1. May I ask you to verify whether LEU31 is under 30 Å from ASN139 (Cβ atoms), surrounded by 11 or more Cβ atoms within 10 Å (Cβ to Cβ), within 39 Å of the chain's Cα centre (by Cα) and modelled with pLDDT of 85 or more?
2. Do we have ASN44 as assigned to a loop (DSSP other than H, G, I, E, B) and either modelled with pLDDT of 65 or more or under 46 Å from the mean Cα position of the chain (by Cα) (or both) here?
3. Before we move on, is GLU87 in a helix (DSSP H, G or I), among the acidic types (Asp, Glu) and under 40 Å from the mean Cα position of the chain (by Cα)?
Amino acid sequence: MELKDILESGKHLYEMENPKKPSNMSERDPLQKIGKEKVESLKNSIKEIEFLIKQREALSETLSRDVEKIKTEIENFLLTTTAKDSEGFKERGGLRQKQIDVSELQLNERVNCWRDVATLKKELRERQKELSEKEDRINMFDKILE
């Protein structure tokens, strides 16, 4: 028997529990609590981003419907009325210009919605990746401690 195999307590190393391994769960609880808090925070962040994506898409749809109503009202007004003098022609020209402006706003809204959703989805992917990495680390840590 060699001296390096015997501890101060007189036991052999192979007779002792693994000193790095926690003897009970209470020693691991603070670490697990911290890890779970971060995971829960990421899960909440992911839910919030998903909600924001749905809200942005719904807002864009609502705006699109409203713009279509405005364009239809202008078109109906132009169809039901006729210009009798130069003032009437100017009004009709102005309404047609408004119709074009509203269509441009509608196109801009679609592009802006796409940009906003793309940005949110990018952030969502980053959070999902971070969550996956944290969960993998927690699982690996748990396996090491078992």
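The values are calculated or read from the model by the stated rules, or taken from the named source; none is laboratory data. Keep in mind that this is a model prediction, so the values were computed, not measured. Note: ideal-geometry Cβ built from the backbone for every residue, glycine included; neighbour counts use all protein chains shown.
1. Values: under 30 Å from ASN139 (Cβ atoms): yes; surrounded by 11 or more Cβ atoms within 10 Å (Cβ to Cβ): yes; within 39 Å of the chain's Cα centre (by Cα): yes; modelled with pLDDT of 85 or more: no.
No: the conditions fail for LEU31.
2. Numbers: assigned to a loop (DSSP other than H, G, I, E, B): no; either modelled with pLDDT of 65 or more or under 46 Å from the mean Cα position of the chain (by Cα) (or both): yes.
No.
3. Values: in a helix (DSSP H, G or I): yes; among the acidic types (Asp, Glu): yes; under 40 Å from the mean Cα position of the chain (by Cα): no.
So GLU87 fails the test.
Here is a yes/no grid of residues against (1) closer than 30 Å to LYS33 by Cα; (2) within 28 Å of the chain's Cα centre (by Cα); (3) modelled with pLDDT of 90 or more:
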residue: ILE74; (1), (2), (3): no, no, yes
residue: PHE77; (1), (2), (3): no, no, no
residue: GLY94; (1), (2), (3): no, no, yes
residue: ASP101; (1), (2), (3): no, no, yes
residue: GLU109; (1), (2), (3): no, yes, yes
residue: ARG115; (1), (2), (3): no, yes, yes
residue: GLU123; (1), (2), (3): yes, yes, yes
